[in-house]
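Here is the structure we will look at, set down as structure tokens.
The values are calculated or read from the model by the stated rules, or taken from the named source; none is laboratory data. The structure presented is a predicted model; accordingly, all values stated were derived computationally and were not measured. Positions of Cβ are backbone-derived with ideal geometry, glycine not excepted, and every protein chain shown enters the neighbour counts.
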Amino acid sequence: MSENKIQSSVLGASGEHLILSHLLRLNFIAGKAPDNTKDYDLIVLNKDGTTSSPIQVKTTSQTSGWVLSKKHETPIKDLIFCFVYMDLNSNFNEIFVVDSKTVANFVKLGHQIWLKIPGQKGQKHNDSDMRRLERVAHKNIYKIQNYEKYLNETEIEYLKNYQENWIEKYKDNWQVLKK
């Protein structure tokens, strides 16, 4: 199967069903939220039904990361993100289970840095509502000579913390859900 032949809505539905399957296998009570529910796709309850968490599923077939938006800069209480990578040419997939606060921090600071640093041709970046959660934060930043001069301490620390494999600690991180 070629990557170009799957609709994004089908890819998204595939990711949601994959997450549902995992949740049920892990002994959670889980189901799809009604269509067009704001901010989440699934709802999960512990076995006793005493705690619940809304889940937003983001699915991609691109190895670099996931597309988000400006609204993801604001954490939502108890929201859990499941970032799904699906290799469309095999059965391989990865699931990263991340809390909303971590996602908001990554997205907000990452976009802030992107706006501050010049583009590949030295141009200023234009603001938009698009955001990205990537496996490597600003992987090309080291190609910009003296990139540190554009950034504050917090932003430089962010770049150190979100380099290669930062997301691996969230792989199959189902314990973040309340049991």
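Residue 96: loosely packed, with under 12 Cβ neighbours inside 10 Å and under 30 Å from residue 14 (Cβ atoms), yes or no? Steps first, answer last, please.
Numbers: loosely packed, with under 12 Cβ neighbours inside 10 Å: no; under 30 Å from residue 14 (Cβ atoms): yes.
The answer is no for residue 96.
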*Would a scan of segment 65-86 turn up a residue that is under 12 Å from the mean Cα position of the chain (by Cα), closer than 23 Å to residue 135 by Cβ, surrounded by fewer than 16 Cβ atoms within 10 Å (Cβ to Cβ) and not charged (D, E, K, R)?*
yes
*Cβ pairs under 7 Å, 6+ apart, first in segment 143-166 and closer than 13 Å to residue 110 by Cβ and without any contact (Cβ under 8 Å) to a residue 24 or more places away in the chain, second exposed (fewer than 12 other Cβ atoms within 10 Å of the Cβ) and among the small types (Gly, Ala, Ser)*: none
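Only strands (runs of 3 or more DSSP E) wholly contained in segment 1-99 count here; list those with 2 or more residues that are in contact (Cβ under 8 Å) with a residue 24 or more places away in the chain. Even if it seems obvious, please write down each step before you answer.
Values: elements: 29-32, 42-45, 52-60, 65-69, 80-86, 93-99.
Qualifying strands (runs of 3 or more DSSP E): 42-45, 52-60, 65-69, 80-86, 93-99.
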*Members of segment 121-139 found to be hydrophobic (A, V, I, L, M, F, W, C), surrounded by 16 or more Cβ atoms within 10 Å (Cβ to Cβ) and modelled with pLDDT of 90 or more, listed by number*: 133
*Please go through segment 40-63 and pick out each residue that is among the acidic types (Asp, Glu) and surrounded by 13 or more Cβ atoms within 10 Å (Cβ to Cβ).*
41
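I'd like the residue in segment 140-172 that is of a type in the set (Ser, Thr, Tyr) and surrounded by fewer than 15 Cβ atoms within 10 Å (Cβ to Cβ) and, out of all such residues, is nearest to residue 96 (Cα to Cα).
Let us first name the residues in segment 140-172 that are of a type in the set (Ser, Thr, Tyr), namely 142, 147, 150, 154, 158, 162, 170.
This time we only want the ones that are surrounded by fewer than 15 Cβ atoms within 10 Å (Cβ to Cβ), so: 142, 154.
Numbers: 142: 26, 154: 25 Å.
Filtering first and then ranking leaves 154.
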*For segment 9-38, how many residues meet the condition of being in contact with a Lys or Arg (Cβ under 8 Å, 6 or more places away or on another chain) and either among the basic types (Lys, Arg) or loosely packed, with under 13 Cβ neighbours inside 10 Å (or both)?*
1
*If we scan segment 140-159, do we find a residue that is closer than 30 Å to residue 77 by Cα, assigned to a loop (DSSP other than H, G, I, E, B), modelled with pLDDT under 95 and within 18 Å of the chain's Cα centre (by Cα)?*
no
